[in-house]
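Have a look at the structure below, then the notes.
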Amino acid sequence: MATRFEMPSKDRDVPGERERCATGIEGLDHVLNGGIPRGNTVLVAGSVGTGKTSICIEFLVHGALEAENSLYLSVTEPTTKLLKNVIPFDFFEDKLIKQGRLNFVDLPQLYEKLGIEKAAFDFDEVKLLVDTIASLVEERDIQRFVLDSVTSVNYRLKDHELIRDFLLKLSTVLSGKGCTSLLVSEIGMTGEHVQGSVEQAIADGVIVTGNLERRGDLLRTLQVVKMRGTSHSRAKYVLDLTTSGVLLVPLLKGGSVAGGG
Ligand SMILES: Nc1ncnc2c1ncn2[C@@H]1O[C@H](COP(=O)(O)OP(=O)(O)OP(=O)(O)O)[C@@H](O)[C@H]1O
Ligand SMILES: [Mg+2]
């Protein structure tokens, strides 16, 4: 069972505070005091199978349901395969795609269109890629953007300077258009890579997903490590993936999970 979180009421918004982009994941919005500050570029970093894609999909579908146009740019999976992952969610509505609220685009297809199918990109190709993403966001009036994953793009950028250039260009363009973005970052099982990575330093926010062994069971966990523009808890939560969405359960000290896990 999930623990219910009391959501901050709009009436209690502090004047001058950044407008929020509610993720629709109740527990995460609670941790973030209402949601991600609008325009932030947030890294969702975690090892394999820890729920990164599920978090991103829920964020986009929630936006689409609130009449915000959402775009999922997939690098690793063709969009047809991705749709199969979205359909089982209770909150998913087919009409969101037909209405153009929820958009899925395949990055390898984009590369092909742009004629940049090389294994390694240079500065010009990085610029071309960012410009193409920017025009997609502009044309479709996208307010929520997901890149799954930024790690797969970074493989083509052979040095740190290019990765830095790509991330800076991308986050500047996206926030300039008022778009709130999640960039998926794949990290090793031990999680050491996220510490001090270029991605982490540039991003406005870092959400880390991971694994935790408890009584012979492998639990998924989530922690907000950084989020510019809001105060937030840095506590570790247990992440539960269900067909009604991603649930966060506080992880209590002493080995038990609140709400019965
Ligand atoms: N709604 C759901 N209910 C139960 N299990 C789920 C649900 N959604 C996903 N899962 C399981 O959780 C796994 C991980 O979810 P998800 O794909 O979101 O993680 P990920 O971190 O993006 O994984 P990857 O590293 O493969 O990209 C899936 O492979 C699937 O088996
Ligand atoms: Mg994934």
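Consider Val173 carefully, then state whether it is at pLDDT 85 or above, out of contact with any strand residue (DSSP E or B) (no Cβ under 9 Å at 6 or more places or on another chain), closer than 25 Å to Leu71 by Cα and surrounded by 13 or more Cβ atoms within 10 Å (Cβ to Cβ). Give the derivation first.
Working: at pLDDT 85 or above: yes; out of contact with any strand residue (DSSP E or B) (no Cβ under 9 Å at 6 or more places or on another chain): yes; closer than 25 Å to Leu71 by Cα: yes; surrounded by 13 or more Cβ atoms within 10 Å (Cβ to Cβ): yes.
Yes, satisfied.
Quick one: what pairs do we get from the stretch 90-108, first residue touching a residue at least 60 places away in the same chain (Cβ under 8 Å), second among the aliphatic types (A, V, I, L, M) and buried (at least 20 other Cβ atoms within 10 Å of the Cβ), C-beta under 7 Å, 6+ apart or different chains?
From the stretch 90-108, the pairs are Phe91/Val61.
Could you grab me the full set of residues in the stretch 41-53 that are under 20 Å from Gln143 (Cα atoms), modelled with pLDDT of 95 or more and either surrounded by fewer than 24 Cβ atoms within 10 Å (Cβ to Cβ) or near ligand 1 (Cβ under 8 Å from one of its atoms) (or both)?
Answer for the stretch 41-53, where residues must be under 20 Å from Gln143 (Cα atoms), modelled with pLDDT of 95 or more and either surrounded by fewer than 24 Cβ atoms within 10 Å (Cβ to Cβ) or near ligand 1 (Cβ under 8 Å from one of its atoms) (or both): just Lys52.
What pairs come up if the first residue lies in the stretch 186-211 and is in a loop (DSSP other than H, G, I, E, B), the second is at pLDDT below 90 and among the hydroxyl-bearing types (Ser, Thr, Tyr), and their beta carbons are under 9 Å apart, counting only those six or more places apart or on different chains?
Ile187/Ser197
Checking the condition at negative phi, more than 16 Å from ligand 2 (Cβ to nearest atom) and touching a residue at least 40 places away in the same chain (Cβ under 8 Å), which residue from Gly63, Gly34 passes?
Gly63
Examine the stretch 199-208 for a residue that is modelled with pLDDT under 90 and aliphatic (A, V, I, L, M), and state whether such a residue exists.
yes
Inspect all residues belonging to the stretch 89-104 and state whether any of them is within 16 Å of ligand 2 (Cβ to nearest atom) and under 15 Å from the mean Cα position of the chain (by Cα).
Yes.
Of the conditions (1) at pLDDT below 95; (2) surrounded by fewer than 22 Cβ atoms within 10 Å (Cβ to Cβ), Leu65 fails just one. Which one is it?
Every condition holds for Leu65 apart from (1).
Which ranges mark the strands (runs of 3 or more DSSP E) fully within the stretch 67-153 that have 3 or more residues being out of contact with any helix residue (DSSP H, G or I) (no Cβ under 7 Å at 6 or more places or on another chain) and away from ligand 1 (no atom under 16 Å from the Cβ)?
none
Looking only at the stretch 94-110, which residues are out of contact with any Leu (no Cβ under 7 Å at 6 or more places or on another chain) and surrounded by 15 or more Cβ atoms within 10 Å (Cβ to Cβ)?
Listed by number, the residues that qualify are Ile97, Arg101, Asp106, Leu110.
The values are calculated or read from the model by the stated rules, or taken from the named source; none is laboratory data. Note that the structure is a prediction, hence the values are computed from the model and not measured. Cβ: placed from backbone, ideal geometry, glycine included. Neighbour counts: every protein chain shown.
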